[in-house]
1. Taking θ = phi - 60°, what integer Hz values does the Karplus form 6.51 cos²θ - 1.76 cosθ + 1.60 yield along region C:266-271, in sequence order, with x for Gly and Pro?
2. Would you kindly give the portion of the calculated P(r) for region B:118-249 that falls above 21 Å, as a percent of all Cα pairs?
3. More than 32 Å apart: what percent of Cα pairs in region B:94-315 qualify?
4. Can you tell me the 0 to 90 degree angle between the C-alpha axis of helix A:404-417 and the longest principal axis of chain A, rounded to 10?
5. Tell me the volume per residue, in Å³, of the convex hull enclosing the alpha carbons of region A:327-600.
6. Hey, what did region C:141-281 get for relative contact order, percent, Cα under 8 Å, at least 6 apart?
7. Take peptide B:168-174, look around each residue's Cβ out to 10 angstrom, count Cβ atoms belonging to other protein chains, and average those counts.
8. What translational diffusion coefficient, to the nearest whole µm²/s, does region C:149-275 have by Stokes-Einstein, given a Kirkwood radius computed over alpha-carbon pairs, a temperature of 25 °C and 0.890 mPa s viscosity?
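Nothing in this text is a laboratory measurement; each read-out follows from the coordinates by a stated rule. Predicted model only: the values in this text are computed from it and were never measured. Note that each Cβ is placed from the backbone with ideal geometry, even for glycine, and that neighbours are counted across all protein chains shown.
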Amino acid sequence: MRRRSKIGYGAGTRVDRRQWLSMLGAVGAAGLAGCSGDDGGSPETPDNGGGVRGLDGIEERPTVSGTYDTVTSASFTTLNPLYNTESGAGTAIGRALDQGYTFDADDEYVPLLYDMSTDDGEVWVFDVREGLTFSDPYGAVDAESFVYQIEELHQSDWALTANATDWTGVNVERTGKRQFQAELPEPQLLWPESFDPLEYPIPKGVLEPYVDDENVEGLRQDEELLELRFSGNLGAFVLDEWDRGAGTTYTRNDEYYIQDADNWSDLFSNAPYFEGASISVVEEQASRLGALETGEADSASVPPERFEEFDNDPDVSMLQIPQPFNRILSVNMRDNGWNAGPGNLFRYVAFRQAIATAIGTDDLIEGVYRGLAEPHHTWQPAWSRWYPGDDEVPFFGTGDRYGAGPARELATTAFDRSAFDYGFDGDRMVTPEGDQVTLDVYHSAGQETAQLIAEYAAQELDDNLGIELDVQAIDGVRFNNEFWTATPEGGTDTVAGESVRWDAPTPNNPGPRSVTSNEEWDMSLVFGLNTYPRNPLTNAAFFDGANARYNPVGYYPEFDAGGLFERARTAATEEELAAAFADVFVELAREQPYVMLAFGDSLTGYNPDLRGPIEDFANGWNAPGWHFAE
Amino acid sequence: MGLARYVVLRVVWAAVVSLVIVTATFVLMAAAPNPAIQEAATQAALEGGDPQQAVERERELRGLDEPLHVRYLDFLTSIYTLEWGWSDHRSQPVTEALVEGLYYTAQYSIPWTVLTVLIGPLVGVYSAANMYSWRDHAATAFAFFGYAIPNFFFGIVLLLLFGVWLDWIPVVYRTDVAVFSLENARQLALPVFVLVTGSIGAVMRVSRNESAEFRDATFMKTAKAKGVSPFRAYAYHVMRPTLVPLSTTLVSQLLAIFLGSSLLVEVVFGIPGLGRLTFEALVAQDTNLVLGATFVFTFVAVIGNLLEDIAFSVLDPRISYDDR
Amino acid sequence: MPPERFDRIDWEEHAGSSGFSASINTVAFVLTALSVLALAGYDRLFAAERETVFGALARDVGVGPRFESLGIGADPGALEYLFVITLLLFVWYLLAPLYQNPRMTRYYWDRFTRNRPAVVSLGWLFVVFAGGLLGPLLLSAPQQDVLAGHQPPVYLSIDASNVARCLGETVGGRCHGTWRYPLGTTQAGEGVFRNVVYGMTISMQIAFITTTIVAAIGITFGTVSAYAGGWVDEALMRFVDIVLSFPTLLFFLLILYIYGAGLGMFILVFSLFAWGGTARYVRSKALSIAEEEYVDAARISGASTYRVVRRHVVPNTASSIITQLTLLVPGFLLAEAQLAFLGLGDSGINSWGQLISAGRSDLAFAPWIVLAPGIVLFLTILAFNFLGDALLDALNPKTEAERGR
């Protein structure tokens, strides 16, 4: 009898998010972040003279009415803007405190608190908006409100803030009362798109005593920060109360700066258009959906199997929003992966392709996602402007490249390359000793979709490759600590005939394949990653070589990844950039560094009277203009 | 040895029990891997710092570099001086978190306990007095139904029925309504009903079966023969001896449901009480909060058992505390 | 001649032996239990990892694939072996004595059958028991099929928009159920009926193993404490205090978090912390009985302590113990379901709780996933209660006398 243990109801989601966001480097930006691409030049202030998507056709200034109530599944750990790493809490903070900038539905940079500009991508100038004030007694928001926290906290070695990694090696300097500049170690034209320079304003007065004492506990626990008492005119709402178990409540901020902001259209001149707002923590999905149905909540996410039902419900307006966050089957290529026998087969491209071929993505999308997901063939969603095109990308797990035949063929290729005598005995895959190949697959506990996908993968691999999978649920935090990350050690290894040194190992890439986490693991569905359709260059952190910043699975590219990313980085024209990215994504699709499964859409139900939400990843960027129809 | 002395000894013992349990919890937690340290190492490494140094720093900060017995003594001191530390998971002091949780838990626990204690024995004794009548059968059926239906299952079904389909009660628990208001009564009606249904069955059964034994006892016949009114006879001669064995069931039943089912009911109905708080703290490995909550639950259990024991001695004069 | 009381029978006399020597039932139990242990040892030592114990046995003994043809292809784990041993205990110490004393059995059976709900309950529990034992041998384990998710039970229908692919007929936008899945399917497309049958095995394992452990520890502690008195009583009861005061759920969660825990650990932890109530109850009953005159009389006439406990205290507390255990079994089944509901159960098993947990988000549109196991769980708990109640009545002549009047 097999034993499996699990703990952590609903905890997985949070960690998934945290993982994505740790790569984003920005906190809570997910709700505000825009979608694909950029012209590669300097960001410009967009022209908002015309209609605003989602709010087009709104002629008159809306009236202020009602409260905007939403429900969420997980409670917030902290609302301290300096330390929050959860997207749910990011949304809760965002109601009362804006960040530096956002992107609109046309992927254009939109300044909120500061405008960013650059000539060469190396020196970026930040211009802080006029008329921003903190609550008394902290005064006006100026350059110092950002520079001080960057220099004294993010770049310090004691404060360990959430944004610390974003500012490593960046030289920040105040150049005027409301202007400062940042000098990057190497030019980055798409810096804002990486969300690294996205900051909250924090009054110097709050921080000073802690900075003097290097008191990290005090800073974490400061009530001004936790209760967002300094938010002044910087957010659409004022936080009334954070009831730790129940959520947050807000009242309208009559002074919201966006009312007078010149780059926001007249539509926003009396924003926000709700008397108040609330976010309720409701753990039971059935209750969240009930609240959406009865109108107690104005917005809630809906599982795929209920989408059509709610879509047909006149009391709910459903939105299907494509996401850049993927669902991947990670295979451990390090020394503590592949525990079925000697020689890690995951290290062969052909074997990873065999796995991708064995798992049918059509049935996965139809059965698990009910068709509400995009196929995932390369490290970019098909709607991204950087997607190379269906003709170029090799597809696995669909059409000719799906099923037992092609999967076994690829696996046999891998067996031939392996020094060990793996093979098929009948329809079972067996080790050199003749034993059944059995592997573990982990998924986050408490996440129904994850479990379903794990069981689906187990069955497909059993049917098509004769591999037995042991499905195990695990708490996301535990998986992250004991399986996914390891103590950075560094070292050297020979990759594609060249000696590679790990100079700056991180917990997510602690060294060559010989450096392993505490616990052995074979396969995992616990974490999904961001594919960065807005700035695919950020993906270099995953793939620009064996010693990339983030490489928990121990993937060694067999193509010149570093060179291709360098080509993209130094591209002079958009065509060059697109060509370089196309090469990268074709190679990644071929090599399957992570076995790519699908991009699940975000399915959100709204109050049908609500005006503003759009079916785009940028949904929410213009939230201050959202309102109820008369 | 008199009753007073017995009570004092019993109270002292209760304190000892709490100590044993808190110690066991400390040992278990000390054996658990501490994620905070891991986090510090991760952070330091991300910044290009020395992870080893960061681990040392974090250990020092949390006092984990001290020998185990020193940590244990520090721990005991802080527990008994109510310095329960900071909850990382909720970003507030542990005591504040517990008080907040208790505030919501008490709102449904008090009505539920009172109703169970009042209705359970009365219905049970009434059943016994009218044994095998249709009333007894109805009460028995209700008792069995309540006891057999899983609380959380019943809760979800009722919430679906009355909250979503009939729209009589709110689906989302609101914390911003006054305690003594109609809204609060409406949103608490279902959780209280579910819990009473769950806890009353066993109490009714035990009191029915126990009182059935005393009902036919000679002293009842004597009382009846003497012309004592049935009510008085039941109150004095059946109720009281029934309460002796019942007290065990009652307290353990209430405690079991308090420690177990209330957590589920809180999850189902979205009440941010003590149970849900504990559960979330465990999942998040918020050591301080887990310990604090354990201590509160232990305290409740120890006090409950203490009261039960004292009640046991007072109610049953046949068992002399001199012997113990 | 007054009928013999089931719990007043002198077992030693009836089993044809006396004093310290073992009864025939004990001998039979020890022999059968030893053979199970031998099989378990064989499994551990000789059967290869990917081989079932019966397969290995057939190979070594040379009977070929005969066990498979008999449907015995199971690969039991430690829990299954323990389950079999508790079953043997049940057979040799409860069923065998009933068989050995047909006259007494008939007497109690007659009284028992007068209580109709109890007979129905016994029937239901027999179905669950038989389903739990035979189901896994006759039906293969539920298989996932994501395209067949949320199929309705036969004769029922569901809005076609809620299913990925309808296996039955779609009439007027509603998908109808098929006989392939008589009770419909879960989100993963596993048959609810098969899941419920497999859940019977788990529930029976929980019921038998936990009650055996709890009864053994609780009765021992309770009677010893009550009879011994003095410092022994004090020490034991203080220990019970600690056991009772410990928040079991919290403790289990801690263990689960630190070491991980499956069904075996669940059974162990819950039974090791659940006997406190039984011990106290037994003690309080035994104390009242110990003050009865006949116990004094027995003692004065020179009966040994062991004899007094065995002949007077244990039989006289039997009815209370049975009530207690009746209330305990459903408690364990509930606890398992509750943990599974919170997502803390053993996800590797097909228990009813897991099924309820899997279907709870779908209750609004696919209620059978929760209702089928929920109702089966409810009925099983109900049956245990009715049965316990009937046994109490049957064993308590006072109540019966009252009823006859």
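1. Whole-Hz 3J(HN,Hα) from phi for region C:266-271: 4, 4, 4, 4, 5, 6.
2. Cα-Cα pairs in region B:118-249 separated by more than 21 Å: 54 percent.
3. Working: 6924 of 24531 pairs.
Tail of the P(r) past 32 Å holds 28 percent of the pairs.
4. 80
5. 120
6. 21
7. Average per residue, whole number: 6.
8. Numbers: Rh = 18.5 Å.
It diffuses with D of about 133 µm²/s by this estimate.
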